[in-house]
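The values are calculated or read from the model by the stated rules, or taken from the named source; none is laboratory data. Fair warning: this is a prediction, and the values are worked out from it, not measured in the lab. Cβ atoms come from the backbone with ideal geometry, glycine included; neighbour counts cover every protein chain shown.
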Amino acid sequence: MKVIDFRLRPPLKGYLNTIMYSQAARRDRITGYHGMKPARSAQAQSIDLLLKEMDEAGITRGVAMGRYSGPYGTVSNEDVAAIVKEYPDRFVGVASIDPTDRKQAIRQIEQAKAAGLDSK
C-alpha cells in the first residue's frame with residue numbers, strides 16, 4: 001500500500017522561510033493547541049529526520065507544493081522542482097501560482113513547466 005502525505009513541508013530551500021521553520025515558537029504553540037507535539041524533523045530542520053519519520057509512519061511519498069502566501073512564506077516552484085529532483089523517490093512536486101496577479105501567474109506557470117513541474 002502506498003501512503004502519500006499531501007501536506008508535507010520538507011526542511012529545505014524556501015520552506016525554511018515559512019512559519020513552519022522560521023517561527024518555531026508559533027509553530028509549537030499551534031501544534032500544541034491541536035494536541036500534538038512538533039515533529040523532531042521540524043525542530044531540528046533535518047531532512048534526514050523527516051525521511052526517517054516518513055518511513056516510521058509508512059509514508060511512501062510526500063507532496064511538496066509551491067506557495068505564494070505573503071506573510072506565511074513563499075516556496076518557489078523552482079525550489080519544489082529542485083527538491084523533487086534531489087529526492088525523486090520520496091517527493092512529488094505541485095506547482096503553485098499567485099492568483100492576485102494574472103500576468104505573473106502565467107509567468108509562474110511557464111516557469112513551473114520549464115522547471116519540470118508539468119503534467120507529464
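Structure values in brief
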| item | result |
| --- | --- |
| Ser46 vs. criteria surrounded by fewer than 19 Cβ atoms within 10 Å (Cβ to Cβ), at pLDDT 95 or above and hydroxyl-bearing (Ser, Thr, Tyr) | yes |
| Out of Ala105, Ala39, sole residue that is within 17 Å of Pro11 (Cβ to Cβ), hydrophobic (A, V, I, L, M, F, W, C) and in contact with an Asp or Glu (Cβ under 7 Å, 6 or more places away or on another chain) | Ala39 |
| Search result, residues across segment 15-32 that are more than 23 Å from Gly93 (Cβ to Cβ) and hydrophobic (A, V, I, L, M, F, W, C) | Ala24, Ala25, Ile30 |
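Here's the yes/no breakdown for (1) in a loop (DSSP other than H, G, I, E, B); (2) surrounded by 17 or more Cβ atoms within 10 Å (Cβ to Cβ); (3) touching a helix residue (DSSP H, G or I) at 6+ places or on another chain (Cβ under 7 Å):
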site: Gly62; (1), (2), (3): no, yes, yes
site: Ala82; (1), (2), (3): no, yes, yes
site: Pro88; (1), (2), (3): yes, no, no
site: Lys103; (1), (2), (3): no, no, no
site: Lys113; (1), (2), (3): no, no, no
